[in-house]
1. Give the residue, chosen from ASP87, ASP108, that is surrounded by 17 or more Cβ atoms within 10 Å (Cβ to Cβ), of a type in the set (Asp, Glu) and within 21 Å of VAL140 (Cβ to Cβ).
2. Go through the stretch 224-249 and report how many residues are crowded, with 17+ Cβ neighbours inside 10 Å, part of a helix (DSSP H, G or I) and not aromatic (Phe, Trp, Tyr).
3. ASP114 - would you say it is modelled with pLDDT of 95 or more, within 16 Å of the chain's Cα centre (by Cα) and over 22 Å from ARG17 (Cα atoms)?
4. Only one residue in GLY213, GLY245, GLY166 is on the phi > 0 side of the Ramachandran plot and at pLDDT 95 or above, so which one is that?
5. If you check every pair at least six apart or on different chains, which have Cβ atoms under 7 Å apart with a residue in the stretch 207-218 that is in a helix (DSSP H, G or I) first and a residue that is hydroxyl-bearing (Ser, Thr, Tyr) and modelled with pLDDT of 90 or more second?
6. Please tell me if ALA35 is touching a Leu at 6+ places or on another chain (Cβ under 6 Å) and either crowded, with 17+ Cβ neighbours inside 10 Å or not in a strand (DSSP E or B) (or both).
7. THR192 fails exactly one of the following numbered conditions: (1) closer than 20 Å to LEU117 by Cα; (2) of a type in the set (S, T, N, Q); (3) buried (at least 20 other Cβ atoms within 10 Å of the Cβ). What is the number of that condition?
8. Taking the stated definitions as given, is TYR157 crowded, with 16+ Cβ neighbours inside 10 Å and more than 20 Å from ARG97 (Cβ to Cβ)?
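The values are calculated or read from the model by the stated rules, or taken from the named source; none is laboratory data. Treat the numbers as computed from the prediction; the structure is a model and nothing was measured. Because the Cβ atoms are built from the backbone with ideal geometry, glycine has one as well, and the counts that use them run over all protein chains shown.
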Amino acid sequence: MQIDLSDQTVLITGGTRGIGRALVDAFAETGAHIAFTYRSSSEEADALVDRLTDRGLEALSLQGNVADMQTAQDHIAAVTDAWDRLDILVNNAGITRDGLMLRMSEDDWDMVMDVNLKGVFNYAKAAYRAFMRQRGGTMVNMSSVVGVMGNPGQTNYAASKAGIIGFSKSLAKELASRNVTVNVVAPGYVDTEMTEALSDDAREAMLDAVPLGRPATPEDVAEAVLFLASPAAQYITGHVLHVDGGLAM
C-alpha cells in the first residue's frame, strides 16, 4: 500500500540509528516533512538531513536528551515554528542497562526509566497542546514484547516498556474526543546495534522462541509504525501492535 503523507509533519525521537533510522527512511518514502531527535551522533544526524534534502524533502535534526522536559518543549516548538503544525509524533528513543536486579544499580534503573518512559511523557505532554489546537494528530509509542512478557535481567527495561503501554492506553482515552489517536508498537527481537550486545546464547535462545524463526528487521517495525500513523489506521486507538514473529503468542 502506497502511503502519501506529503502534507504531514512527523517528529521521530531517536532517529539516527536502528529502528529510528528505519522510521526516518519509511516516512521519507511518503514525502512527509521529517524532524528527528538525536543525543550525540551529530555527524550521523547531519548526514541524514543531507540525504533527505538531496531527495527534495524538508528535514530538521534536533539534538538533546529526551529525558529533559525543556528539551522536549523546545523540540516541539522548533517543529511547529518550521512547519506550523505537528501531525505525527513517534516516541522511539530508548536505551537498555541490563543486569540481574540483585546487581542493578539505582542509576541503571533511573536512567532507563528517564529515557524510555519519562521521555515519552515529555514529548507527549509537549505535543498535547498542538494536537488539541489542531483538533487532530497521531502518536505512536515504541514499547517492546519485553514489556508484555518480561525478561530476566531486564526488570528496568521491562518496567519502562510496560509503563508505555499503560500510559498510551490512558492517553488514547484522554485525547480521543479531540480526534487524536495514540497507539503502541511492541517489537520482539530486532536485529539492531542494541541487540548485538546480547550474548550468542541469549540471541540463540530468543530466536528459538520466535515461531517465524528469524529476528525482525528495523524495516519490519517501521512499516508497522507507518501503518498506525497513516490514514488507514484512523479508527484505531489505544492498540498495541506486536511485531514479534509470534513470540508473544
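1. After ruling out the rest, the residue left standing is ASP87.
2. So the count comes out to 6.
3. Numbers: modelled with pLDDT of 95 or more: yes; within 16 Å of the chain's Cα centre (by Cα): yes; over 22 Å from ARG17 (Cα atoms): no.
No; evaluated as a whole, the condition is false for this residue.
4. Details: GLY213 fails: at pLDDT 95 or above; GLY166 fails: on the phi > 0 side of the Ramachandran plot.
Selected residue: GLY245, the only one of GLY213, GLY245, GLY166 that is on the phi > 0 side of the Ramachandran plot and at pLDDT 95 or above.
5. From residues that are in a helix (DSSP H, G or I), the pairs are LEU207/TYR189.
6. On the way: touching a Leu at 6+ places or on another chain (Cβ under 6 Å): yes; either crowded, with 17+ Cβ neighbours inside 10 Å or not in a strand (DSSP E or B) (or both): yes.
The answer is yes for ALA35.
7. For THR192, the failing item is (1).
8. Details: crowded, with 16+ Cβ neighbours inside 10 Å: yes; more than 20 Å from ARG97 (Cβ to Cβ): no.
When the stated conditions are applied, TYR157 does not pass them.
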